[in-house]
Amino acid sequence: MRYIFTITIMFFFTKTQAQEVESKAYKLMLNTLLSHSVPELSVADVKTTPNIIWLDAREKNEYQVSHIKNANWVGYDDFSIDRVKDISKDAKVIVYCSVGYRSEKISEKLIKAGFKDVQNLYGGIFEWKNQDKTVVNSDNAETEKIHAYSKMWGIWLKKGEKVYE
């Protein structure tokens, strides 16, 4: 009976959305940090189609340094559902931030507001850049710069040029 109970508990608490990042240490940190309360999408599983609505849940200064091409800034600290009022609730939406925590919280709000197809980019823009995906600056030109949020969080960004201002 104890064996069945242990297996049941392990199954219940095991993340059902087995997403991947390249670094095992990064994955461990993400699995601890994130609540996995919304669907997650790995960088490797992103299919770039014109039908995706990208939402950047970082602060404006982070977004201005660089962002995923065609991403719409929605912010985090002062996020308002009004910023997405022109997006269909049936649209495929991928939300990201630096590592995935802030975007997970914004994704929860979008789902609560009735959006039907929302996913959190697992590992965030850091993993996006770590896997050699391109980002653009405020002039829509490709850049190597990524706002690394802080020295503590910047350790997870392995590629690109870290910016802290």
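The values are calculated or read from the model by the stated rules, or taken from the named source; none is laboratory data. None of these values were measured; they are calculated from a predicted model. Because the Cβ atoms are built from the backbone with ideal geometry, glycine has one as well, and the counts that use them run over all protein chains shown. Please note that ligands, DNA and RNA were not included when accessible areas were found on the heavy atoms of the full protein model with its side chains. Shrake-Rupley method; radii C 1.70, N 1.55, O 1.52, S 1.80 Å.
Determine if segment 50-68 includes at least one residue that is over 17 Å from residue 127 (Cβ atoms), open to solvent by less than 10 Å² (accessible area, probe 1.4 Å) and either β-branched (Val, Ile, Thr) or in a loop (DSSP other than H, G, I, E, B) (or both). No: segment 50-68 contains no residue that is over 17 Å from residue 127 (Cβ atoms), open to solvent by less than 10 Å² (accessible area, probe 1.4 Å) and either β-branched (Val, Ile, Thr) or in a loop (DSSP other than H, G, I, E, B) (or both).
Could you check, for segment 127-137, whether at least one of its residues is assigned to a strand (DSSP E or B), touching a Leu at 6+ places or on another chain (Cβ under 8 Å) and closer than 28 Å to residue 28 by Cα? Don't jump to the end; show me each part of the working.
In the first step, residues of segment 127-137 are kept if they are assigned to a strand (DSSP E or B); the result is 135-136.
Restricting the remaining residues to those that are touching a Leu at 6+ places or on another chain (Cβ under 8 Å) gives none.
No, there is no match, as no residue in segment 127-137 is assigned to a strand (DSSP E or B), touching a Leu at 6+ places or on another chain (Cβ under 8 Å) and closer than 28 Å to residue 28 by Cα.
Please enumerate the residues belonging to segment 123-146 that are surrounded by 15 or more Cβ atoms within 10 Å (Cβ to Cβ) and touching a Gly at 6+ places or on another chain (Cβ under 9 Å). Of everything in segment 123-146, those that are surrounded by 15 or more Cβ atoms within 10 Å (Cβ to Cβ) and touching a Gly at 6+ places or on another chain (Cβ under 9 Å) turn out to be 123, 124, 126, 127, 129, 130, 131, 135, 143, 146. Looking across segment 80-122, just one residue is in contact with a helix residue (DSSP H, G or I) (Cβ under 7 Å, 6 or more places away or on another chain), assigned to a loop (DSSP other than H, G, I, E, B) and open to solvent by 30 Å² or more (accessible area, probe 1.4 Å), and that is 113.
Scanning segment 82-108 for residues that are under 14 Å from the mean Cα position of the chain (by Cα) and on the phi < 0 side of the Ramachandran plot yields a count of 15. Residue check: residue 39 meets all listed conditions (1) under 26 Å from residue 163 (Cβ atoms); (2) under 13 Å from the mean Cα position of the chain (by Cα); (3) surrounded by 13 or more Cβ atoms within 10 Å (Cβ to Cβ) but one, namely (1).
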